[in-house]
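> Sharing a structure with you now.
The values are calculated or read from the model by the stated rules, or taken from the named source; none is laboratory data. Given the structure is predicted, the values throughout are model-derived calculations rather than measurements. So basically every Cβ, Gly included, is an ideal-geometry build from the backbone, and we count neighbours across all protein chains shown. Just so you know, the surface numbers come from the protein's heavy atoms only, side chains and all, with ligands and any DNA or RNA stripped out. Shrake-Rupley method; radii C 1.70, N 1.55, O 1.52, S 1.80 Å.
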Amino acid sequence: MRIVLVDDELLPLTRLKNLLENSNVSGIEIVGEYTDSLKAIEEIQWLQPDVVFLDIVMPNIDGLSLGEKIQELMPDVEFVFTTGFDQYAIDAFNLHAIDYLLKPIQKIRLEKTLERLEQINNKHKDITTKHTVIKLFGGLNVVAPNGHTQYMKWRTSKAKELFAYMLEHRNEMIYRDTILELFWPESDIDKASKQLYTAIYTIRKTLKNYGVEGVKISSPLLSSGYKLVVENIVVDVELWLSRLKSLPPIQQTTVDEHEQVFRMYTGDYLGDCDYLWAESERERLRRLWLHHAQQLSEFYIRNESYNAAIKVQEKVQELYADAEDNYFTLMKLYELLSNSAAVEEQYWLLKKMLQEHLAVELSEEVEVWYRR
């Protein structure tokens with residue numbers, strides 16, 4: 001059950017999230033948490049929730065009005081309203097809400113609501129329409145509307161690469177000569193043209209096999225080039241960039257939004273594909289994510305939330321084991337928590353990484369700090 005939470009106050013939002021994650025109902029997934037109701041409207045369709053928990057009394061737009069707008073966008077979504085005031089109950093049920101919870105929300109009361117939602121969700125999950133997602137972080141895969149990840153198998157590696165290239169340049173006209181020069185530079189024009197036609201046919205057939213009907217390849221200029229258009233398909237990189245750029249400054253009331261965006265990045269752009277033409281975009285996205293990770297980590301450190309900062313740095317280390325500064329940051333964080341064993345582990349991991357990957361020794365700064 002995919003759930004979105006909207007409450008302009010962080011504490012009740014966090015409490016509700018904890019209650020949901022520790023409930024007796026299985027299969028709960030919190031896909032979005034918002035303290036900004038306007039941002040919730042903007043991103044709700046991308047998240048495709050089954051249920052939205054809405055606070056009623058909020059600035060900018062109240063929960064009842066927000067519910068009406070969400071219902072226009074997603075007629076099948078269910079609502080549960082939360083508030084500290086019971087005079088809104090009639091209005092809430094006029095919007096066909098499943099339930100209405102008074103704050104502070106009690107676990108037993110919430111469990112009853114979740115049981116009702118689970119019954120409804122089980123009845124409708126087979127007919128609920130969600131968007132297909134094309135994943136580019138970590139590799140090229142497709143997530144079906146039912147949430148199942150499909151690892152696409154391609155007849156030829158050239159067709160896969162051409163599709164990835166066209167997807168990067170989606171909604172742009174890609175001239176035939178450009179494609180031939182990039183993908184078949186050593187073939188004569190006739191042979192390269194036949195290979196191009198075969199690759200386009202293979203791409204279309206593969207997309208159809210995996211139910212990716214929202215991706216269309218047309219040839220607006222007859223045989224002069226191609227244009228790939230994406231409709232009703234979510235591209236994970238596009239969604240991540242949109243959310244990253246719209247993030248407010250990091251503070252206690254917005255840090256959960258930053259955490260969500262931080263976790264959306266799951267690996268290098270087209271990480272399972274060694275395409276030279278993708279390297280600049282791969283590096284750009286990597287730098288954006290690392291910069292955001294650093295900002296998030298520094299925020300936690302300033303607020304003495306050292307364990308949270310460690311989780312951020314551990315994720316960086318998991319994805320980029322050669323990020324030298326990351327090890328030293330973790331050493332200093334563990335030292336603040338008086339965890340000498342973890343400090344020593346990071347020291348030896350850093351030493352091993354530098355020797356194996358870069359054939360260099362530890363810097364004097366790190367050695368002096370460690371000996372101290």
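> Considering segment 333-348 alone, what residues qualify as being surrounded by fewer than 16 Cβ atoms within 10 Å (Cβ to Cβ), assigned to a helix (DSSP H, G or I) and touching a residue at least 12 places away in the same chain (Cβ under 8 Å)?
Within segment 333-348, 336 is the sole residue that qualifies.
> Quick one: what pairs do we get from segment 23-50, first residue within 15 Å of residue 9 (Cα to Cα), second part of a helix (DSSP H, G or I) and open to solvent by 20 Å² or more (accessible area, probe 1.4 Å), C-beta under 6 Å, 6+ apart or different chains?
Close Cβ pairs satisfying both conditions: 33/256.
> From the list 305, 297, exactly one residue is under 29 Å from the mean Cα position of the chain (by Cα), closer than 27 Å to residue 250 by Cα, hydroxyl-bearing (Ser, Thr, Tyr) and modelled with pLDDT of 95 or more. Which is it?
Step by step, each of 305, 297 is checked, and only 297 is under 29 Å from the mean Cα position of the chain (by Cα), closer than 27 Å to residue 250 by Cα, hydroxyl-bearing (Ser, Thr, Tyr) and modelled with pLDDT of 95 or more.
> Checking residue 206 against (1) within 23 Å of residue 175 (Cα to Cα); (2) outside any helix (DSSP H, G or I); (3) free of Cβ contacts under 8 Å to residues at least 60 places away in the same chain; (4) open to solvent by less than 50 Å² (accessible area, probe 1.4 Å): exactly one of these is not met. Which one?
So the condition that residue 206 fails would be (2).
> Would you please name the residue that is least open to solvent (accessible area, probe 1.4 Å), looking only at residues in segment 268-286 that are of a type outside the set (Gly, Ala, Ser) and under 16 Å from residue 315 (Cβ atoms)?
285
> Something else now. Hey, among the residues in segment 180-201 that are in a loop (DSSP other than H, G, I, E, B) and surrounded by 14 or more Cβ atoms within 10 Å (Cβ to Cβ), which one's modelled with the highest pLDDT?
For segment 180-201, the residue satisfying everything is 184.
> With the checklist (1) modelled with pLDDT under 95; (2) within 33 Å of the chain's Cα centre (by Cα) in hand, flag the one item residue 355 doesn't pass.
(2)
> Residues that are open to solvent by 30 Å² or more (accessible area, probe 1.4 Å) and more than 22 Å from residue 260 (Cβ to Cβ): which helices (runs of 4 or more DSSP H) entirely in segment 1-116 hold 2 or more of them?
63-73, 89-94
> For segment 239-330, please list each of the helices (runs of 4 or more DSSP H) lying entirely inside it that holds at least 1 residues being touching a residue at least 12 places away in the same chain (Cβ under 8 Å) and among the small types (Gly, Ala, Ser).
Those helices (runs of 4 or more DSSP H) span 279-302, 306-319.
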